[in-house]
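Have a look at the structure below before the remarks.
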Amino acid sequence: MAEFSEQSPVIISTKRMEKMTRLRFYFHDIPSGKNPTKMRIAGPPKTAADSFGSTFMVDSPLTEEPEPTSKLVGRAQGMYSLASQHDAGLLMVLSFAFLEGTYNGSALSILGRSPVLDNVKEMPIVGGSGLFRFARGYSLSKTVSFSQKNQNAVVEYNVTVVHF
């Protein structure tokens, strides 16, 4: 029986080349109405829902265009927390699970800080599944619309990933 060691390494070669993919989609963060897409799951007393430590679970639609009636291309599933005591900084842990077209069944994973008040927020893509195996890259996001009345937001994501 063969043993594996540094002297007899197993080398697996893949002939596939890395690809760069750029995607644009819209994230709909909807805390109001009959079917909210985010729910507060932890944090300080209810009266301080938007303060340090507040944590939200999300299952939000991703669409082709900013309108809520636009074609659904996936879902953003995960959580985010207000992680800064000094400014409006979120820690975001999300999977962008794609449900349409070429990327149906594939997902991208995002993990990083999102400075809420910045016009453009950059966050890292740290992995993926399906067609996005071994993905790495970044996302640039910006708020397209926000309602003070019901706190609903639409955020445009421009994602660049390198994958096999």
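See the values below:
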{"quantity": "Backbone HN-Hα couplings from phi across segment 139-153 [Karplus 6.51/-1.76/1.60, Hz, Gly and Pro as x]", "calculated": "10, 10, 10, 8, 6, 8, 8, 8, 9, 4, 5, 10, 6, 5, 9"}
{"quantity": "Segment 59-164: C-alpha gyration tensor shape, a/c 1.5 cut-off, then a/b vs b/c", "calculated": "oblate"}
{"quantity": "Electrostatic dipole magnitude of segment 18-78 [Cβ: Lys, Arg +1; Asp, Glu -1; Cα centre; debye, to 20]", "calculated": "120 debye"}
{"quantity": "Most to least accessible of T102, T63 (protein chains only, probe 1.4 Å)", "calculated": "T102, T63"}
{"quantity": "Surface per residue (accessible, 1.4 Å probe) for segment 50-109, Å²", "calculated": "49 Å²"}
{"quantity": "Backbone HN-Hα couplings from phi across segment 23-40 [Karplus 6.51/-1.76/1.60, Hz, Gly and Pro as x]", "calculated": "10, 10, 7, 10, 9, 10, 9, 10, x, 10, x, 6, 10, x, 9, 9, 9, 6"}
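The values are calculated or read from the model by the stated rules, or taken from the named source; none is laboratory data. Remember, it's a predicted structure, so these values are computed and weren't measured experimentally. Backbone-built Cβ (ideal geometry, glycine too); neighbour counts: all protein chains shown. Heads up: the accessible areas ignore ligands, DNA and RNA and are worked out on the full protein's heavy atoms, side chains in. Shrake-Rupley method; radii C 1.70, N 1.55, O 1.52, S 1.80 Å.
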